[in-house]
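Where a number appears in this text, it was derived from the coordinates with a stated rule and is not lab data. Computed from a prediction, not measured in an experiment: that's the story for all the values here. We place every Cβ from the backbone using ideal geometry, glycine too, and count neighbours over all the protein chains shown.
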């Protein structure tokens, strides 16, 4: 029996050892600090392990052998660094936390490739920038100009040659390609517009449903980088901007069709990003595409987010709002207010963005009032004292049913975040959905010219 127990324990310990890999580290400036390692995921990262460094800054962390991708190694309240994980036991030394050049990996091919690749890319781009500047200066010297152009051609090929030398199954190869594309798109927008079509093809050839993409931590950065590149390349030609961005949206939705949770999170982040950049035709396309996607079971928050474009689109009539008790002026419902324009603002005393935007609204209010605009603030507060204290200095009309996200106006208007604003005419036809007080001021100037 003792022999059998020993064998079982031995097999069990081997099984555990094989299911995890070990990272040992030496961060002398992180002595006695908490250190954790988390795998990158969507919508949330996954903490693998945490420990406390000893008095000299030594620590040991583990991660699951089944996880292949980028991770975040974090020193609590101090620093964090991207570390690639791919079935390796390795060591990390970081003598000076203020100097990333002192960060060294031992026994890790993946992180060695990453460090070398990032350094090589930076050096290449620095040389390319210098050569691009010099070549026009030597246009009258054919020999020197030819030499510089050949050197530029060499620099353009160096990184590709480096990547070609990496093992095809290494995560560092995949990750560095994504990092290069992300950097290339930024540089194309500012220096190399001739590379636009290459950047576009490379991005649209990606599989956004690949687990390696999800675990890169670069998913959203790549999407947003491409949007900015397209805007920069096409400039005022908004139709071409819309076509390219909508093509990307269609690709991402197709790639993520089998993973609705990731689809919802990515779609929300992209929707908010497009709205902030006033790319409303693309955010509308995204919202309606999500709602029409039968395989995507949206939760309440995401349904409200995207329903804004089906139910609360510009030109649609907004539902009436019945106030739980008459508000200042004796109004019992929104339709009782006959001003030329109405701005309905959903917010709350606990909303940080509201405390930033509402004072700005106040600074514009007197001028807007002269132009026939009335503001109605609909609060999501649940505490009457907090609500009354919050609105005491507001010059406009305010109402609260103390039902927070379950209030009828909040549901009817598909509110998913605060503040949310709707600008409408006297008949409650939606004219616009301002994203800030300054945006509303610009809109009001346009309406005043009509």
Task: Residues of the range 203-233 with amide N under 16 Å of a point placed 7 Å along Cα→Cβ from residue 118 - done: 216-219
Open item on the list: Among DSSP bridges having both ends in the chain, what percentage is antiparallel? Round to the nearest 5.
Closed with: 75
- [ ] With springs connecting C-alpha atoms under 10 Å apart, model the chain as a Gaussian network and identify which of 351, 400, 414 has the largest mean-square fluctuation.
- [x] 351
Open item on the list: With N set to the number of residues, divide the alpha-carbon radius of gyration of the range 157-220 by 2.2 N^0.38 Å and report two decimals.
Closed with: 1.15
- [ ] Between residue 153 and residue 168, with labels modelled 7 Å along Cα→Cβ, what's the label distance in nm to one decimal, could you check?
- [x] 2.9
- [ ] Using a Förster distance of 51 angstrom, determine the FRET efficiency expected from the C-beta separation of residue 366 and residue 143, and round it to 0.05.
- [x] 0.10
Task: Distance between modelled label sites at residue 445 and residue 201, nm, 7 Å Cα→Cβ extension - done: 4.3
TODO: Using a Gaussian network model of the chain whose springs link C-alpha atoms within less than 10 Å, name the residue from 256, 274, 204 with the highest mean-square fluctuation.
DONE: 204
Task: Identified option (computed Rg/Rh (Cα atoms, Kirkwood Rh); candidates [x] 0.95; [y] 1.04; [z] 1.07) - done: [z]
Open item on the list: Please compute, for the alpha-carbon atoms of the range 322-449, the extent along each of the three principal axes and give them in descending order in Å.
Closed with: 41, 29, 26
Open item on the list: Helix-only mean residue ellipticity at 222 nm, the chain, DSSP H runs n ≥ 4 weighted -39,500 (n - 2.57), per residue, nearest 500. What is it?
Closed with: -15500 deg cm²/dmol
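Need one number: convex hull volume per residue for the range 6-144, Cα atoms only, in Å³.
Details: hull volume 23.6 nm³, N = 139.
Hull volume normalised by residue count: 170 Å³.
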Open item on the list: Using Stokes-Einstein with the Kirkwood hydrodynamic radius over Cα pairs, what translational diffusion coefficient do you get for the range 167-307 at 25 °C and a viscosity of 0.890 mPa s, in µm²/s rounded to a whole number?
Closed with: 157
TODO: Determine the equivalent ellipsoid of the range 98-220 by diagonalising the alpha-carbon gyration tensor, then write out the semi-axes as square roots of 5 times the eigenvalues, largest first, rounded to whole Å.
DONE: 30, 19, 13
TODO: Between the alpha-carbon centers of the range 58-94 and the range 389-437, tell me the distance in whole angstrom.
DONE: 45
- [ ] Obtain the nm distance between the two label points defined at residue 384 and residue 438 by a simple spin-label model: each point lies 7 Å from its Cα along the Cα-to-C-beta direction.
- [x] 3.9
Task: Extension gain (nm, one decimal) between residue 91 and residue 353, 0.36 nm per residue minus Cα-Cα - done: 90.0 nm
TODO: Would you mind checking the range 83-101 for residues with the amide N under 15 Å from a putative spin-label position 7 Å along Cα→C-beta of residue 29?
DONE: 93-101
Task: Most mobile of 142, 324, 64 in a GNM of the chain (Cα contacts under 10 Å) - done: 142
Open item on the list: Using 0.36 nm times the number of residues separating residue 238 and residue 72, minus their current alpha carbon distance, what extension gain do you get?
Closed with: 56.0 nm
